[in-house]
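Just below is one structure, and these are the notes that go with it.
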Amino acid sequence: MSLQERQQASYPLYLEGGGEMGMLTRSFNWSETVLGTPDKWSPNLLTTLSIILHSKFPMFLWWGPDLIQFYNDAYKPSLGKDGKHPKALGQKGAECWPEIWPVIKPLIDQVMNGGEATWQEDQLIPIYRNNNLEDVYWTFCYSRVIDVNGEIGGILVTCTETTNKIKRTQEIEQTLIKLAESESRSNKLITQAPVAVGVLKTKDLIIETANSKILQFWGKSANIIGLPLALALPELEGQPFLQILDDVYTTGTPYSSYEIPARIEYNGIFKICYFDFLYQPILNQSGETESILVVATDLTEQVEARKIIEENFLQFRQLADSIAQMVWVTDESGTHEYLNKRWYDFTGSNFDHTKNEGWDDLVHPDDVARAAEKWIHSLNTGDPFEIEYRLKKHTGEYVWVLGRAAPFYNAEGKIAKWFGTCTDIHDQKLLQEQKDDFISIASHELKTPITTLKVSLQLMQRMIDNQSPQMMSNLIERANKSMDKVGVLIEDLLNTSKYNHGQLHLKKTVFEMADVIDECCSHIDYEGKHTIKITGDTNLKVYADAGRISQIVTNFINNAIKYAPKSKEIIVRVYKENDQVKLTVQDKGPGIASEKIPHIFDRYYRVDSSGSQYSGLGLGLYICSEIIKKHGGTIGVDSKPGEGSTFWFTLPFLGTTAAVSP
């Protein structure tokens, strides 16, 4: 069952709770709408509804071509008491909002056609409610909701009605204007006003009145009253305020702005502060500007707090982008909100693709169900998320990663977000698999000769009183061969341990390559089935550890006998190549597949992956490569299927005579 099918099957979980609107949504007869019953709804619609119903912030949703409506308890007051609620639930947008449709439909079309989200602040949109057409102010955002098919499925509306705020502001402004126009009362009332208020007189902007709030904002005392503003606040020079005030006085046109930075001096220290302010011209009976009313609100603390939050988030992003792990953040429902640069570089994906069903597209098909089940369990229980699964790289290759996530709780003790990481563990995973295979192979390889040795010893014990010289000789030979095999295996293990801990020590001497080759060939059992042909200049000298080099040559020849049993002739060749001595061992066997050649000298690697056809621990060639690296040489293999293989190594060339001493 796909994730989409599981979500649709468990749709009641998405609609549970949510207060009155949750109850109405569950009991609504959706079969009579174009959406059909909830079990057929898109998983993205269900997830969005779950967020809306459990939010304490007013939220509204239009879904599908007919813009079918959903909303939560926090949005209900905005519908008034004239019957829009609960009729608006499940209703088409055009039927619900005929009085404002010409205003909002273009905004809806903009978002539905793939445009950017809209943002309107303190927008006047009159609506019919409470049996009357009311002037209503809104701050709202229309943002798109992507459906499972990657197309825009609907529009999420997050909104706040600001009618009361606007009306209060207008009332304060009008009251202050009227009070300012009444000379007999203005000074006293302005002084007592709960907001920062001042009056600037004439074109020279003489400070006629200033209450304690505005003096505090300016960082001045009452001694500045009667002075021109430019003289009282010389730090305004080079800032736009004096010019704006001059324009207001000249044109008689009010001016207002929000979160404007101002450089103000406090006790000899200059500081950047942020204000919302209004410059309102006060006209005389002739319609000429007589003075300017200044109303200001200090927003410095709010702006600085927001900047700290923004800076912290920027630092988080920079930190997240600088680490090796892939970092991701989701909301409480599991919808992705952020992925770091490492994620995009690794997957070659983008945010729009990943934030919905795109994650499942990148997970190996065999791991999707397991990962989804684990993730849904964590979302439902709050348990930390941890799982190993395969993730597709931008190259198309699946790589093992370790996924982890932990919940972040808000001040109310509820999960607000999930912070997660994906760590590339592919090499460790493969190494662990190789180690597991190695343990299995080692157990098998050691068990066989030990069993043979045990049987030989048991038979010899039985023959103590009734000895047969011929049989005793055979049993001793078999026991010795078994002991030799065990010795070789143990030696490989000990050598590997030394190499891993940097404990390989070389005993270098000057010798001819012929000495090593002759010694190797005298100890190798051909069983009369193979011929070793030696060619080239075997008198070439090297400065190396003769025992270790002999170990490599023996390994190469034994491998040729083992893996190319039908190659009757094995050719050993020594020659000078540039400033190196190169030794090659060539067979006419089946060759090696090209995809296996890059791994042939890896630790624990065996060309025969079944582990049954050939003996060995997969350490021989790895040990050979470590020995050659320690000598400063190179090692490799040239092979094509059906054409045999040539293993080789190089060592620094010294000459053909003993010209160099150790």
For this session: For residues that are of a type in the set (S, T, N, Q) and farther than 17 Å from Gly64 by Cα, scanning just segment 85-144, find the one that is nearest to the chain's Cα centre (by Cα).
Result: Thr118
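Look through Met472, Met463, Met483 and report the one residue that is at pLDDT 65 or above and closer than 30 Å to Arg603 by Cβ. Break it down stepwise before answering.
Values: Met472 fails: closer than 30 Å to Arg603 by Cβ; Met463 fails: closer than 30 Å to Arg603 by Cβ.
Only one candidate qualifies: Met483.
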Seminar exercise, completed: When restricted to Leu179, Leu215, the only residue of a type in the set (A, V, I, L, M) and modelled with pLDDT under 85 is Leu179
Exercise. Restricting attention to segment 117-140, which residues are on the phi > 0 side of the Ramachandran plot and not in a loop (DSSP other than H, G, I, E, B)?
Worked result: Asp122
Seminar exercise, completed: Counting only residues in segment 597-644 that are closer than 25 Å to Asp545 by Cβ and in contact with a Gly (Cβ under 6 Å, 6 or more places away or on another chain), the one modelled with the lowest pLDDT is identified as Tyr604
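In segment 539-606, which strands (runs of 3 or more DSSP E) lie fully inside it and hold 1 or more residues that are of a type in the set (Gly, Ala, Ser), surrounded by 21 or more Cβ atoms within 10 Å (Cβ to Cβ) and touching a Ser or Thr at 6+ places or on another chain (Cβ under 9 Å)? Break it down into steps so the answer makes sense when it comes.
Working: elements: 541-544, 569-577, 580-587.
Ranges flagged: 541-544.
For (1) closer than 30 Å to Lys582 by Cβ; (2) at pLDDT 70 or above, each residue gets a yes or a no:
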site	(1), (2)
Asp437	no, no
Ile441	no, no
Gly502	yes, no
Phe511	yes, yes
Asp525	yes, no
Thr535	yes, yes
Tyr543	yes, yes
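Yes/no per residue for (1) loosely packed, with under 15 Cβ neighbours inside 10 Å; (2) closer than 15 Å to Thr421 by Cα; (3) in contact with a Cys (Cβ under 7 Å, 6 or more places away or on another chain):
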{"position": "Ser349", "(1), (2), (3)": "no, no, no"}
{"position": "Trp359", "(1), (2), (3)": "no, yes, no"}
{"position": "Asp366", "(1), (2), (3)": "yes, no, no"}
{"position": "Glu373", "(1), (2), (3)": "yes, no, no"}
{"position": "Asn380", "(1), (2), (3)": "yes, no, no"}
{"position": "Tyr389", "(1), (2), (3)": "no, yes, no"}
{"position": "Lys393", "(1), (2), (3)": "no, no, no"}
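The values are calculated or read from the model by the stated rules, or taken from the named source; none is laboratory data. Note that this is a predicted model, so its numbers are computed, not measured. Ideal geometry is used to build each Cβ from the backbone, glycine not excepted, and the neighbour counts take in all protein chains shown.
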